[in-house]
Amino acid sequence: MATVLIVDDNADVCRLLARLVKSCGHNADVATGGQEAIDYFTTKLPDMVILDVMMPRVDGLAVLNFIRSTPATAGA
């Protein structure tokens with residue numbers, strides 16, 4: 001069973017995607033913004049990330065750059 005991190009500032013999208021991920025037998029964690037996603041990576045490493053690009057404050061590209069520059073997730 002994989003853990004999927006869903007990152008989106010739209011709560012409806014998060015609920016829909018989490019329901020879909022869970023219906024496939026996986027765990028779904030949700031971050032409601034870019035900074036929350038970055039904070040998530042300080043304590044957990046998901047198997048997959050579904051990442052919205054257009055978010056206020058910290059956008060999805062900044063999160064992606066963080067993931068790529070972090071030794072634990074670089075190259076993943």
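This table checks each residue for (1) touching a strand residue (DSSP E or B) at 6+ places or on another chain (Cβ under 7 Å); (2) of a type in the set (A, V, I, L, M).
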| position | (1), (2) |
| --- | --- |
| Met1 | yes, yes |
| Lys22 | yes, no |
| Gly33 | no, no |
| Met54 | no, yes |
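Of all residues in the stretch 1-60, which are under 18 Å from Ala74 (Cα atoms), in a loop (DSSP other than H, G, I, E, B) and either in contact with a Pro (Cβ under 7 Å, 6 or more places away or on another chain) or open to solvent by less than 70 Å² (accessible area, probe 1.4 Å) (or both)?
Across the stretch 1-60, the qualifying residues are Phe41, Pro46.
Can you pull out the residues in the stretch 15-44 that are modelled with pLDDT of 95 or more and within 10 Å of the chain's Cα centre (by Cα)?
Once the filter is applied, which keeps residues that are modelled with pLDDT of 95 or more and within 10 Å of the chain's Cα centre (by Cα), the stretch 15-44 yields Ala28, Asp29, Val30, Ala31, Thr32, Gly33, Gly34, Glu36, Ala37, Ile38, Tyr40.
The values are calculated or read from the model by the stated rules, or taken from the named source; none is laboratory data. A quick note: this is a predicted structure, and the numbers were derived from the prediction, not measured. Cβ atoms come from the backbone with ideal geometry, glycine included; neighbour counts cover every protein chain shown. For the accessible areas, the whole protein counts, side chains as well, though only heavy atoms, and no ligand, DNA or RNA atoms are used. Shrake-Rupley method; radii C 1.70, N 1.55, O 1.52, S 1.80 Å.
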